[in-house]
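A.B. asks: I am attaching a structure below and will ask some questions about it afterwards.
Here, each number is a calculation from the coordinates, and none is a lab measurement. Remember, predicted model here, so these are calculated numbers, not experimental data. Positions of Cβ are generated from backbone atoms using ideal geometry, with glycine treated the same way; all protein chains shown enter the neighbour counts.
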Amino acid sequence: MTVPQSSLHSAWMVELGQESRLALLDETIEALLARGLHVVLGVRDGGTEHAGSPQMREESLPAAQARHRQSVLIWQHLARRYASRPQRLLFEVSFAQGAASTLKNRQATSLLKAIRKSNPTRVLVLGWADAIGLPQLELPGDRHLIVGITHVEPFRFTRQGVSGISGAEQWRGTTCCSAQELQLMALPLDIAKTWSLENRYPVWVRDFVSYQDIPIELRARHARLVRQAAEERGFSWVYGDFSTDFGIYETASHVWQMPLLQALLGP
């Protein structure tokens, strides 16, 4: 589950709204844990954006530094608040889209330090982003980590029609998946597999989605292929959207996108 950093930041600034928002977060986490689920709590700026989405833009260094300082304060509070929860609650820290590896490594160090004060052995997910950048990750010597990667390939298929992405309108009608597209799909997973074996850290495919305007049977085919490719390499995975523009559930009608759901959870 993902919490928008902007909402938590607002909650910290406005005392009246802080506790009600956190109480709702408490209730949600407790309900999921009560069902025997593993829960990954992440804080991301904007909450539901995905790699390649127009909302995910590179930011200036001062803006990134200010946002990171907010992240550290938020995580200090959340880590203390949930320190007594079962180990089935995991924390996920992530970084600004397009941030340089050197900056992300510094931010990872300070975020881990803030969380480890109250949660020395809780499993944390480092949401590093694209697999191609994994060799630049400076591992902190913490064995209670999972490294998360995003997966967007084939990009012209998954992001066709998305407003704000250059060329996306011209990609409408792109199908999935040709032999070349299957190679594009496999490449980042193979990079991640090699990295995982060399460094002995598990990898989590934490965000693979396709846009809602794509025919549902093609979205389902893509989801099944990515899921199978991840599982063949021993990776855990999660579909990156529940009910927004890339989602699998229609909140207005309370209806699942069944072909997509079956592709993710079926045999």
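A.B. asks: Express in whole angstrom the spacing between the alpha-carbon centres of the stretch 91-161 and the stretch 249-264.
C.D. replies: Their Cα centres are 29 Å away from one another.
A.B. asks: With a Förster radius of 22 Å, plug the Cβ-Cβ distance of GLU250 and SER163 into 1/(1 + (r/R0)^6) and report the FRET value to the nearest 0.05.
C.D. replies: 0.65
A.B. asks: With N denoting the number of residues in the chain, provide Rg(C-alpha) divided by 2.2 N^0.38 Å, to two decimal places.
C.D. replies: The value comes to 1.00.
A.B. asks: Compute the Cα gyration tensor for the stretch 176-267, then decide on rounded, prolate or oblate, letting a ≥ b ≥ c be the square roots of its eigenvalues: rounded whenever a/c is under 1.5, prolate when a/b is larger than b/c in the other cases, and oblate in all that remain.
C.D. replies: Prolate.
A.B. asks: Next up: Taking 8 Å as the Cα distance limit and 6 or more residues as the minimum spacing, I'd like the relative contact order of the chain as a percentage.
C.D. replies: With pairs under 8 Å counted, the relative contact order is 14 percent.
A.B. asks: With springs connecting C-alpha atoms under 10 Å apart, model the chain as a Gaussian network and identify which of PRO188, PRO154, PRO140 has the largest mean-square fluctuation.
C.D. replies: With Cα springs under 10 Å in the chain, the top fluctuation among PRO188, PRO154, PRO140 is at PRO140.
A.B. asks: Using θ = phi - 60° and the Karplus form 6.51 cos²θ - 1.76 cosθ + 1.60, what ³J(HN,Hα) does each residue of the stretch 66-76 get, whole Hz, x for Gly and Pro?
C.D. replies: For the stretch 66-76, the Karplus-derived couplings read 5, 5, 5, 4, 4, 4, 4, 5, 4, 5, 4 Hz, x marking Gly and Pro.
A.B. asks: Report the relative contact order of the stretch 86-138, percent, no decimals, based on alpha-carbon pairs under 8 angstrom and at least 6 residues apart.
C.D. replies: Answer for the stretch 86-138 is 55 percent.
A.B. asks: Charges only on Cβ, +1 for Lys and Arg, -1 for Asp and Glu: so what's the dipole of the chain about the Cα centre, in debye to the nearest 20?
C.D. replies: 820
A.B. asks: So how far apart, in nm, are the two label points at SER236 and LEU261 if each is 7 Å from Cα heading toward Cβ?
C.D. replies: Computed distance between label sites SER236 and LEU261 equals 2.3 nm.
A.B. asks: What's the local net charge at TYR239, with K and R +1, D and E -1, over the other residues with C-beta under 9 Å away?
C.D. replies: -1
A.B. asks: Run through the DSSP bridge list for the chain and note the antiparallel percent, rounded to the nearest 5.
C.D. replies: The antiparallel proportion sits near 10 percent.
A.B. asks: Amide H neighbours of VAL125 under 5 Å, counting only residues 5+ apart in sequence or on other chains, H built in-plane at 1.01 Å?
C.D. replies: The answer is PHE91, GLU92, VAL93, ILE146.
A.B. asks: Can you run phi through the Karplus equation (6.51, -1.76, 1.60; θ = phi - 60°) for the stretch 131-142 and list ³J(HN,Hα) in whole Hz, with x for Gly and Pro?
C.D. replies: 4, 4, x, 4, x, 8, 6, 8, 5, x, x, 10
A.B. asks: Sorted from fewest to most neighbouring beta carbons within 10 Å, what does the list ARG116, ARG159 look like?
C.D. replies: ARG116, ARG159
A.B. asks: With everything on Cα atoms, drop me the angle between helix 101-116 and the longest principal axis of the chain, reported from 0 to 90° to the nearest 10.
C.D. replies: Between the helix axis and the principal axis of the chain, the angle is about 50 degrees.
A.B. asks: Something else about it: Can you compute the modelled spin-label distance between ARG35 and ALA23, with each label point 7 Å from Cα toward Cβ, in nm?
C.D. replies: With each label placed 7 Å out from Cα toward Cβ, I get 2.3 nm.
A.B. asks: For the stretch 151-164, in order, what is each residue's ³J(HN,Hα) by Karplus, 6.51 cos²θ - 1.76 cosθ + 1.60 with θ = phi - 60°, in whole Hz (x at glycine and Pro)?
C.D. replies: The phi angles translate into 9, 10, 7, x, 4, 5, 7, 5, 10, 4, x, 6, 4, x Hz.
A.B. asks: Just to be sure I understand the model, the point goes 7 Å from the Cα along the line to the Cβ. What's the resulting GLU217 to ASN199 distance in nm?
C.D. replies: Modelled inter-label distance: 4.1 nm.
A.B. asks: Can you give me the angle between helix 216-232 and the longest principal axis of the chain, using Cα atoms only, in degrees from 0 to 90, rounded to the nearest 10?
C.D. replies: Around 60 degrees separate the two axes.
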